[in-house]
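*Asks:* Before anything else, here's the structure in question.
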Amino acid sequence: MTYSQKHIIGLVLYPGMTALDIVGPQTVFNSLPSVQIHRIWKALDPIKTDDGMMILPDTTFENCPPLDAICVGGGLGQSAVVNDPEVLEFFHKQGSTAKFITSVCGGSEFLAKAGLLQGYRAATHWMMREQLATLGVEVGTERVVIDRNRITGGGVTAGIDFGLTIAEVLCGEEAAKIAQLLMEYDPAPPFDVGSPEKAGAELVNKAILYAAGTLGLNVKIGSLR
């Protein structure tokens, strides 16, 4: 296999992000040929994720090159930065030239608030579907939603499916399949309740109560689309 074209992918980090939203796709991208990954934030100081993991950016907004694909994930701390003018300006600037504008989980809110999802379908975490819809986005319930050059993943673990989708788009089906095999990504969960559609109303409501009480999230019971 010969891959001549180099792809520049930017993963936007921020304090309070969910690590797996970005680590999942990055693991896929790191297995691809001819890919350069930038881990981006305002500064190069270590970032603490919402589960206490520390992640180190290697690129700042200021010195980030034009990106072929820009990606951002969600997180329990995203509300503190999702309206930051500097953050939204970075998305707007890179989004005006990027070939692919993408997100995982609640990261779609950043894209929507930067004006990058108007007129597009997008995925997000099931607890954020209603909120994303209020921003003028047509919300999909699939693990990965592709609408022209907008590619968005659902909640957290969907980032791996999302990463493999991007891998196929950038490098072809065979490269994506090799990445999947190297990761031994062969899901066989012990419970078939990984989406609200499968889990049922009772478990969904219990999950919402837990998220509200323990995680501090504001989601109303029965409000999901």
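The values are calculated or read from the model by the stated rules, or taken from the named source; none is laboratory data. As the structure is a prediction and not an experimental result, all values here were calculated from the model. Neighbour counts run over all protein chains shown; Cβ positions are idealised from the backbone, glycine included.
*Asks:* Residue check: is THR124 assigned to a loop (DSSP other than H, G, I, E, B), in contact (Cβ under 8 Å) with a residue 24 or more places away in the chain and among the polar types (S, T, N, Q)?
*Replies:* Spelling it out, THR124 is indeed assigned to a loop (DSSP other than H, G, I, E, B), in contact (Cβ under 8 Å) with a residue 24 or more places away in the chain and among the polar types (S, T, N, Q).
*Asks:* Considering only region 75-86, I want to know if a residue exists there that is surrounded by 14 or more Cβ atoms within 10 Å (Cβ to Cβ), at pLDDT 95 or above, under 24 Å from ALA158 (Cα atoms) and touching a strand residue (DSSP E or B) at 6+ places or on another chain (Cβ under 8 Å).
*Replies:* For region 75-86, residues surrounded by 14 or more Cβ atoms within 10 Å (Cβ to Cβ), at pLDDT 95 or above, under 24 Å from ALA158 (Cα atoms) and touching a strand residue (DSSP E or B) at 6+ places or on another chain (Cβ under 8 Å): absent.
*Asks:* Could you check how many residues of region 84-109 are more than 17 Å from the chain's Cα centre (by Cα) and not small (Gly, Ala, Ser)?
*Replies:* Qualifying residue count, region 84-109: 6.
*Asks:* Still on this structure: Inside region 1-52, can you point out the residues that are hydrophobic (A, V, I, L, M, F, W, C) and more than 19 Å from ILE160 (Cα to Cα)? Walk me through how you get there before you give the answer.
*Replies:* Initial filter on region 1-52 (hydrophobic (A, V, I, L, M, F, W, C)): 1, 8-9, 11-13, 17, 19-20, 22-23, 28-29, 32, 35, 37, 40-41, 43-44, 47.
Those that are hydrophobic (A, V, I, L, M, F, W, C) and more than 19 Å from ILE160 (Cα to Cα): MET1, ILE40, TRP41, ALA43, LEU44, ILE47.
*Asks:* Does THR124 qualify as being touching a Cys at 6+ places or on another chain (Cβ under 7 Å) and surrounded by 15 or more Cβ atoms within 10 Å (Cβ to Cβ)?
*Replies:* yes
*Asks:* Oh, and also: With respect to ILE37, is the statement that it is touching a Leu at 6+ places or on another chain (Cβ under 8 Å) and under 17 Å from PHE91 (Cβ atoms) true?
*Replies:* no
*Asks:* Then there's this: Please specify each residue of region 1-53 satisfying the condition of being touching a Lys or Arg at 6+ places or on another chain (Cβ under 7 Å) and either of a type in the set (A, V, I, L, M, F, W, C) or part of a loop (DSSP other than H, G, I, E, B) (or both).
*Replies:* Those that are touching a Lys or Arg at 6+ places or on another chain (Cβ under 7 Å) and either of a type in the set (A, V, I, L, M, F, W, C) or part of a loop (DSSP other than H, G, I, E, B) (or both): LEU11, LEU13, PRO15, SER34.
*Asks:* If we scan region 157-180, do we find a residue that is surrounded by 11 or more Cβ atoms within 10 Å (Cβ to Cβ), in a loop (DSSP other than H, G, I, E, B), modelled with pLDDT of 95 or more and touching a helix residue (DSSP H, G or I) at 6+ places or on another chain (Cβ under 9 Å)?
*Replies:* Scanning region 157-180, I find at least one residue that is surrounded by 11 or more Cβ atoms within 10 Å (Cβ to Cβ), in a loop (DSSP other than H, G, I, E, B), modelled with pLDDT of 95 or more and touching a helix residue (DSSP H, G or I) at 6+ places or on another chain (Cβ under 9 Å), so the answer is yes.
*Asks:* Within region 62-119, which residues are out of contact with any helix residue (DSSP H, G or I) (no Cβ under 8 Å at 6 or more places or on another chain), in contact (Cβ under 8 Å) with a residue 12 or more places away in the chain, among the charged types (D, E, K, R) and assigned to a loop (DSSP other than H, G, I, E, B)?
*Replies:* Within region 62-119, LYS99 is the sole residue that qualifies.
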